[in-house]
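Contents: one structure, followed by commentary.
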């Protein structure tokens, strides 16, 4: 995985990320996805729309900032010993889930076990597999995840099977987001996290609606409401954007030059995490 650059188009009138609602008081941002998320459960974030929706509502122990740099998340700090295998993550104080439950170290341990549990069938547990005992727990040959231990309510210890310097970055992946323990049975359809946006509704293949989490530990969003529309066709999306019914779109690389000529003031270049696959063929 590497960081590449991408262009985003932002309508000048709502460049602060918000538009006004009909009553003149509610600030609404309208985003989009090209297809419906698989789920809203972090453990099932095996596709891009699910992963993006998860990051709206949930947090991990670590996070990526808008420039792709690793920053603290639910853990406001961590340390690793000289072996590179033993980590201790210290949790922020005062963090609450959307249903009012306080975040505790036990939620982290339970969330990781849930992702690795074979009954979850998420299919993307790889960020947690470096943890000691994770592979055995995922395979069902060990009854518990030995490498994760809650240290009271405010810290969690994680032991790795072998040193891995980039392990804290793995904990910023959507699948490792923290859910309350016990997790609600309908979490996939009515998610409860600690993130900046609270779930409101989901009309499949149409739109998802979120409300701001006014008590968010990292500061409430500037907008009041976030709508995510499902728009499969690129031409339809472009038309909706130009009609100002969508707040922001990503420009395909092939269209960048044209939009630079048409609307240069609307373009914002931001980094993006990309998986780059190269095929190298040798001459016969």
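All of the numbers you see were taken from the coordinates with simple rules; none came from a lab. What you see is a predicted model, and the numbers here were worked out from it, not measured in a lab. Neighbour counts are summed over all protein chains in view; Cβ atoms, including those assigned to glycine, are modelled from backbone coordinates with ideal geometry.
Mind checking the angle between helix 105-116 and the chain's longest principal axis? C-alpha axes, 0 to 90 degrees, to the nearest 10.
It works out to around 80 degrees.
Enumerate the residues in the stretch 174-193 having an amide nitrogen under 17 Å from the point lying 7 Å beyond the Cα of residue 96 toward its Cβ.
Residues passing the 17 Å test: 180-181, 192-193.
Once the Cα gyration tensor of the chain is diagonalised, what are the square roots of 5 times its eigenvalues, in whole Å and ordered largest first, as equivalent ellipsoid semi-axes?
Those come to 34, 24, 18 Å.
Give me the number: length gained by fully extending residue 236 to residue 146, i.e. 0.36 nm times residue separation minus the C-alpha to C-alpha distance, one decimal in nm.
Difference between extended and current length: 27.4 nm.
Going by how many other Cβ atoms sit within 10 Å of their own, how do 249, 166, 178 line up, fewest first?
Exposure proxy ranking, most exposed first: 166, 249, 178.
Would you kindly state how much longer the chain becomes between residue 46 and residue 185 on full extension, computed as 0.36 nm times their sequence separation minus their alpha carbon distance, in nm to one decimal?
48.1 nm
Angle, helix 48-57 long axis vs. longest principal axis of the chain, Cα atoms, 0 to 90°, nearest 10?
Result, in degrees: 80.
May I ask you to sort 64, 58 by Cβ crowding, counting other Cβ atoms within 10 Å and putting the fewest first?
Fewest-to-most ranking of 64, 58: 64, 58.
Please give the direction-averaged projected area of the C-alpha convex hull for the stretch 70-183, in square nanometres with one decimal.
6.9
How would you classify the stretch 27-125 from its alpha-carbon gyration tensor, with a ≥ b ≥ c the square roots of the eigenvalues: rounded for a/c under 1.5, else prolate if a/b is greater than b/c, otherwise oblate?
prolate
Can you tell me the length gained on complete extension of the stretch residue 245 to residue 83, counting 0.36 nm per residue apart and subtracting the Cα distance?
Once the chain is fully extended between residue 245 and residue 83, it gains 53.0 nm.
For residue 70, put the label point 7 Å out on the Cα→Cβ axis and report which residues of the stretch 154-198 keep their amide N under 11 Å from it.
164-173
In whole angstrom, how far apart do the alpha carbon centroids of the stretch 133-195 and the stretch 39-63 sit?
After rounding, the separation between the Cα centres reads 14 Å.
What FRET efficiency comes out for the pair residue 164/residue 253, r = Cβ-Cβ distance, R0 = 30 Å, nearest 0.05?
FRET efficiency, residue 164 to residue 253: 0.40.
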